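As C-alpha coordinates, the structure follows; a few thoughts come after it.
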Amino acid sequence: VPYLVAGNPEHFIIATADKVIGRELFLHGEFDFAKLQTALAIIEREGLPRPQHLIDVGANIGTIVIPALARGLMHSATAIEPHPANLRLLRANLALNDLADRVRVLPQAVGAERNATLFLKESATNSGNHSIGSTGIPIPSSRLDDVEQPRDDALLWMDIEGYEGHALQGAAGLLAMGIPVVCEYNPS
(Lines give C-alpha, C1' and ligand atoms only; values in the text may rest on other atoms or scores of the structure.)
Protein backbone atom coordinates (compact mmCIF):
# COMPACT_ATOMS: atom_id res chain seq x y z
CA VAL A 1 0.00 0.00 0.00
CA PRO A 2 1.50 3.38 -0.94
CA TYR A 3 1.66 6.02 1.78
CA LEU A 4 1.82 9.81 1.95
CA VAL A 5 2.48 12.29 4.74
CA ALA A 6 -0.36 14.78 5.12
CA GLY A 7 -1.88 17.17 7.64
CA ASN A 8 -1.21 20.56 9.08
CA PRO A 9 -0.19 21.51 11.76
CA GLU A 10 0.12 17.86 12.82
CA HIS A 11 1.53 15.29 10.42
CA PHE A 12 0.00 11.93 9.52
CA ILE A 13 1.21 9.03 7.47
CA ILE A 14 -1.84 8.01 5.47
CA ALA A 15 -2.62 5.12 3.15
CA THR A 16 -3.44 6.41 -0.32
CA ALA A 17 -6.13 3.72 -0.60
CA ASP A 18 -8.12 5.45 2.17
CA LYS A 19 -10.65 7.51 0.22
CA VAL A 20 -12.28 9.08 3.30
CA ILE A 21 -10.04 9.80 6.30
CA GLY A 22 -6.79 9.82 4.33
CA ARG A 23 -8.33 12.00 1.65
CA GLU A 24 -9.64 14.53 4.20
CA LEU A 25 -6.28 14.69 5.94
CA PHE A 26 -4.54 15.24 2.61
CA LEU A 27 -6.99 17.92 1.44
CA HIS A 28 -7.85 19.71 4.70
CA GLY A 29 -5.19 18.75 7.27
CA GLU A 30 -7.58 17.19 9.79
CA PHE A 31 -10.55 14.84 10.10
CA ASP A 32 -13.48 15.29 12.51
CA PHE A 33 -11.40 17.30 14.99
CA ALA A 34 -13.92 20.17 15.05
CA LYS A 35 -16.33 17.74 16.73
CA LEU A 36 -13.95 17.32 19.67
CA GLN A 37 -13.50 21.09 19.91
CA THR A 38 -17.30 21.49 19.98
CA ALA A 39 -17.63 18.86 22.72
CA LEU A 40 -15.00 20.63 24.84
CA ALA A 41 -16.77 23.97 24.33
CA ILE A 42 -20.03 22.41 25.57
CA ILE A 43 -18.26 20.98 28.62
CA GLU A 44 -16.82 24.41 29.38
CA ARG A 45 -20.18 26.15 28.79
CA GLU A 46 -21.80 23.79 31.30
CA GLY A 47 -19.22 24.74 33.92
CA LEU A 48 -17.68 21.27 34.08
CA PRO A 49 -13.95 20.80 34.59
CA ARG A 50 -12.00 20.37 31.37
CA PRO A 51 -10.93 16.74 30.89
CA GLN A 52 -7.18 16.14 30.91
CA HIS A 53 -7.18 12.52 29.71
CA LEU A 54 -8.73 11.36 26.43
CA ILE A 55 -9.99 7.80 26.08
CA ASP A 56 -10.13 7.45 22.29
CA VAL A 57 -11.98 4.25 21.38
CA GLY A 58 -11.58 3.52 17.68
CA ALA A 59 -8.52 5.77 17.50
CA ASN A 60 -7.87 4.85 13.85
CA ILE A 61 -4.60 6.54 12.79
CA GLY A 62 -4.75 9.25 15.46
CA THR A 63 -6.91 11.97 13.90
CA ILE A 64 -8.46 12.93 17.25
CA VAL A 65 -5.85 11.97 19.84
CA ILE A 66 -2.87 13.57 18.07
CA PRO A 67 -4.27 17.10 17.63
CA ALA A 68 -5.92 16.93 21.08
CA LEU A 69 -2.50 16.43 22.67
CA ALA A 70 -0.43 18.50 20.24
CA ARG A 71 -2.72 21.53 20.63
CA GLY A 72 -2.74 21.29 24.42
CA LEU A 73 -6.41 20.34 24.79
CA MET A 74 -5.53 17.13 26.66
CA HIS A 75 -2.52 16.11 28.71
CA SER A 76 -2.55 12.33 28.15
CA ALA A 77 -4.54 9.65 26.37
CA THR A 78 -5.48 6.03 25.99
CA ALA A 79 -5.91 5.09 22.32
CA ILE A 80 -7.77 1.86 21.59
CA GLU A 81 -7.49 0.54 18.02
CA PRO A 82 -7.93 -3.09 16.90
CA HIS A 83 -7.15 -2.97 13.17
CA PRO A 84 -3.52 -4.01 12.48
CA ALA A 85 -2.82 -1.52 9.66
CA ASN A 86 -4.48 1.37 11.50
CA LEU A 87 -2.56 0.41 14.63
CA ARG A 88 0.79 0.58 12.78
CA LEU A 89 -0.08 4.00 11.37
CA LEU A 90 -1.35 5.21 14.77
CA ARG A 91 1.95 4.28 16.41
CA ALA A 92 3.96 5.82 13.55
CA ASN A 93 1.89 9.02 13.66
CA LEU A 94 2.29 9.33 17.43
CA ALA A 95 6.07 9.01 16.98
CA LEU A 96 6.07 11.43 14.02
CA ASN A 97 4.36 14.04 16.21
CA ASP A 98 6.57 13.28 19.24
CA LEU A 99 3.59 12.15 21.34
CA ALA A 100 4.21 8.43 21.88
CA ASP A 101 5.20 8.90 25.53
CA ARG A 102 1.84 10.56 26.36
CA VAL A 103 -0.42 7.88 24.87
CA ARG A 104 -1.09 4.34 26.03
CA VAL A 105 -1.97 2.38 22.87
CA LEU A 106 -4.13 -0.72 23.27
CA PRO A 107 -4.27 -3.11 20.28
CA GLN A 108 -7.78 -4.40 20.90
CA ALA A 109 -11.49 -3.73 20.71
CA VAL A 110 -13.90 -3.07 23.56
CA GLY A 111 -17.29 -4.63 24.06
CA ALA A 112 -19.70 -5.99 26.64
CA GLU A 113 -17.60 -9.01 27.69
CA ARG A 114 -14.21 -9.73 29.23
CA ASN A 115 -11.58 -11.64 27.27
CA ALA A 116 -13.66 -12.02 24.11
CA THR A 117 -12.66 -12.46 20.50
CA LEU A 118 -14.54 -10.34 18.00
CA PHE A 119 -14.35 -10.28 14.21
CA LEU A 120 -13.46 -7.09 12.36
CA LYS A 121 -14.89 -6.75 8.86
CA GLU A 122 -12.62 -4.53 6.75
CA SER A 123 -13.57 -1.69 4.44
CA ALA A 124 -11.40 -1.49 1.32
CA THR A 125 -11.79 2.28 0.90
CA ASN A 126 -12.24 3.78 4.39
CA SER A 127 -9.88 2.93 7.25
CA GLY A 128 -12.46 4.29 9.68
CA ASN A 129 -15.28 2.06 8.47
CA HIS A 130 -14.06 -1.32 9.68
CA SER A 131 -16.83 -2.84 11.78
CA ILE A 132 -17.52 -5.73 14.12
CA GLY A 133 -19.36 -8.59 12.43
CA SER A 134 -19.65 -12.36 12.29
CA THR A 135 -16.60 -12.79 10.03
CA GLY A 136 -13.32 -10.99 9.48
CA ILE A 137 -10.05 -10.51 11.32
CA PRO A 138 -10.18 -12.06 14.82
CA ILE A 139 -9.29 -9.42 17.41
CA PRO A 140 -9.06 -9.47 21.20
CA SER A 141 -11.67 -7.52 23.13
CA SER A 142 -12.29 -6.58 26.73
CA ARG A 143 -14.64 -4.31 28.63
CA LEU A 144 -13.80 -0.63 29.06
CA ASP A 145 -14.21 -1.19 32.81
CA ASP A 146 -11.29 -3.63 32.65
CA VAL A 147 -8.93 -1.18 30.93
CA GLU A 148 -6.70 0.53 33.48
CA GLN A 149 -6.76 4.29 32.91
CA PRO A 150 -7.27 7.61 34.67
CA ARG A 151 -11.00 7.92 35.33
CA ASP A 152 -11.78 11.11 37.20
CA ASP A 153 -10.57 13.70 34.67
CA ALA A 154 -11.23 11.82 31.44
CA LEU A 155 -13.34 12.25 28.33
CA LEU A 156 -14.59 9.11 26.60
CA TRP A 157 -14.54 9.60 22.82
CA MET A 158 -15.96 6.69 20.85
CA ASP A 159 -16.43 6.11 17.13
CA ILE A 160 -16.62 2.37 16.50
CA GLU A 161 -19.06 2.01 13.62
CA GLY A 162 -22.23 0.94 15.35
CA TYR A 163 -20.65 -1.08 18.15
CA GLU A 164 -20.87 1.76 20.69
CA GLY A 165 -23.82 0.25 22.57
CA HIS A 166 -21.90 -2.98 23.18
CA ALA A 167 -18.85 -1.04 24.37
CA LEU A 168 -20.98 1.05 26.72
CA GLN A 169 -22.47 -2.15 28.23
CA GLY A 170 -18.94 -2.98 29.36
CA ALA A 171 -18.37 0.49 30.81
CA ALA A 172 -20.89 0.73 33.67
CA GLY A 173 -18.21 1.57 36.24
CA LEU A 174 -16.54 4.14 34.02
CA LEU A 175 -19.90 5.77 33.20
CA ALA A 176 -20.82 5.84 36.91
CA MET A 177 -17.83 8.16 37.45
CA GLY A 178 -19.78 10.79 35.52
CA ILE A 179 -17.15 11.53 32.90
CA PRO A 180 -18.30 13.18 29.67
CA VAL A 181 -18.99 10.81 26.78
CA VAL A 182 -19.02 11.66 23.08
CA CYS A 183 -19.94 8.85 20.75
CA GLU A 184 -21.20 8.30 17.27
CA TYR A 185 -24.83 7.25 17.09
CA ASN A 186 -25.68 4.72 14.41
CA PRO A 187 -29.26 3.43 14.78
CA SER A 188 -28.60 0.40 12.57
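Some points to look at:
- Residue-level accessible surface for HIS11, protein heavy atoms, 1.4 Å, Å²: 80
- Accessible-area rank, largest first, for TYR3, TYR163: TYR3, TYR163, with all protein chains present and a 1.4 angstrom probe.
- Probe 1.4 Å, protein heavy atoms only - accessible area per residue of the chain in square angstrom: 49
- One quarter of the surface of the convex hull around the alpha-carbon atoms of the range 53-159 equals 6.5 nm², the direction-averaged projected area.
- When you work out D = kT/(6 pi eta Rh) for the range 1-72 at 4 °C and 1.567 mPa s, using the Kirkwood radius from C-alpha pairs as Rh and the Stokes-Einstein form, the result is 98 µm²/s.
- Debye equation applied to the C-alpha atoms of the range 97-175, log10 I(q)/I(0) at 0.12, 0.20, 0.23, 0.24 Å⁻¹: -0.38, -0.98, -1.18, -1.23
- The distance separating the Cα centre of the range 32-107 from that of the range 118-187 comes to 14 Å.
- Cut-off of 10 Å, at most 10 other beta carbons, DSSP loop: longest stretch of the chain lacking such GluC sites (Glu not before Pro): 47-147
- Expressed as a whole percent, the accessible area of the range 105-174 that falls on carbon and sulfur atoms is 47 (1.4 Å probe).
- Over the chain: Rg over Rh, Cα atoms, Kirkwood Rh: 0.94
- Zone of VAL1's modelled label, taken as backbone nitrogen in the range 36-69 under 11 Å from a point 7 Å along Cα→Cβ: 61
The values are calculated or read from the model by the stated rules, or taken from the named source; none is laboratory data. Being a predicted model, the structure only gives us computed values, none of them experimental. Positions of Cβ are backbone-derived with ideal geometry, glycine not excepted, and every protein chain shown enters the neighbour counts. Heavy atoms of the whole protein, side chains included, go into the accessibility calculation; ligands, DNA and RNA do not. Shrake-Rupley method; radii C 1.70, N 1.55, O 1.52, S 1.80 Å.
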